[in-house]
Amino acid sequence: MGRQREFDVEQALDAALCVFWRKGYEGTSYTDLTQATGVERPGLYSAFGNKEALFRQALERYYSHYLDYFPTALEQPTSREVVEQIFRGAAELHTRHPDRPGCLGIHGALAGSDDAEPIRQALIDARARGEAMLRDRLERAKEEGDLPDSANSAALAAYVMAVLHGMAVQAKAGCSRDVLEAVVDQALSTWPSNPSGRETQKTGAIKPLPLLY
């Protein structure tokens, strides 16, 4: 029988996640990981594989434990409520932990060496999946009459992701939650709407708010 592990794998993964969040993938060394987890390198290899595999597991934990507000937001009844919940959730998360502001996924995708390209691409792919989920939800909003027929769902989804990206960078640079909330208010102020449904838009009784392209 193999030797039984003498550490809590879940706790070690949480500790590694926090280090990656604070220092990025390439900025995190094995010394950082062993100090944070209290586990020597052989133990980390045995439990998680190499550094890339550990990061991928930490990233999955980040999505499920910290970004759970995103899929929940998609269930809101209107597109504006969907986007507002996403924005507010991001503003809160990006400033929740003073020692690791911003977003693990966004910062890891900004730059990296050739050796880290698989990680950067994994982060880009994950972000693209989130954008696709939001785009599909906005398409549904058009079908339900919540958004004008002329609304560009792909452009709106890309716009939301761009704002989220910028908020993460601003938080990393030291912007407060109040500043991020002001950004959210500004972004929401121009969100397109079709308050009275399709019939109102067709008859021209109410002019929809400016669209974002």
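How far is helix 153-172 tilted off the main Cα axis of the chain, in degrees rounded to 10, range 0 to 90? Roughly 50 degrees between the two axes. When only Cα pairs below 8 angstrom with a gap of at least 6 residues are kept, region 66-188 shows a relative contact order of 34 percent. Rounded to 0.05, the FRET efficiency of the His65 and Val169 pair, given R0 = 22 Å and the Cβ-Cβ distance, is 0.50. Across the options Val9, Leu138, Tyr62, the greatest Cα extent toward the positive end of the charge dipole of the chain (unit charges at beta carbon of Lys, Arg, Asp, Glu) belongs to Leu138. Taking every lysine pair in the chain that is 8 or more places apart or spans two chains, those with Cα atoms closer than 18 Å amount to 4. In order along region 30-42, the Karplus-derived 3J(HN,Hα) couplings, from 6.51 cos²θ - 1.76 cosθ + 1.60 at θ = phi - 60°, round to 5, 4, 4, 5, 5, 5, 6, 8, x, 10, 6, 3, x Hz, and Gly and Pro are given as x.
Relative to the dominant Cα principal axis of the chain, helix 51-65 is inclined by about 40°. The value of relative contact order for region 9-62, using C-alpha pairs under 8 Å at least six residues apart, is 46 percent.
Residues of region 56-74 falling in the label zone of Phe7, defined by backbone nitrogen less than 19 Å from a point 7 Å along Cα to beta-carbon, are 56-62.
Entry comment: accessible area of the chain is 52 Å² per residue, from protein heavy atoms only and a probe of 1.4 Å.
Scalar couplings 3J(HN,Hα) for region 182-191, obtained by applying the Karplus form with A = 6.51, B = -1.76, C = 1.60 to θ = phi - 60°, are 5, 4, 4, 4, 5, 4, 6, 5, 10, 5 Hz; x denotes Gly and Pro. If one computes the Cα centroid of region 109-139 and of region 57-107, what distance in Å separates the two points? Taking the Cα centre of region 57-107 as reference, the centre of region 109-139 is 15 Å away.
Answer rounded, prolate or oblate for region 66-188, using the Cα gyration tensor with square roots of eigenvalues a ≥ b ≥ c: rounded when a/c is under 1.5, else prolate when a/b is larger than b/c, else oblate. It comes out oblate by the Cα gyration axes. Computed about its Cα centre, the charge dipole of the chain is approximately 180 debye, with only Lys, Arg, Asp and Glu carrying charge at their Cβ. Dipole magnitude for region 9-62: about 80 debye, using +1 per Lys or Arg Cβ and -1 per Asp or Glu Cβ, origin at the Cα centre. Relative to the longest principal axis of the Cα atoms of the chain, helix 9-23 runs at roughly 70 degrees.
The values are calculated or read from the model by the stated rules, or taken from the named source; none is laboratory data. Remember, it's a predicted structure, so these values are computed and weren't measured experimentally. No Cβ is skipped: glycine too gets one built from the backbone with ideal geometry, and neighbour counts run over all protein chains shown. Surface areas here come from the heavy atoms of the whole protein model, side chains and all, with no ligands, DNA or RNA. Shrake-Rupley method; radii C 1.70, N 1.55, O 1.52, S 1.80 Å.
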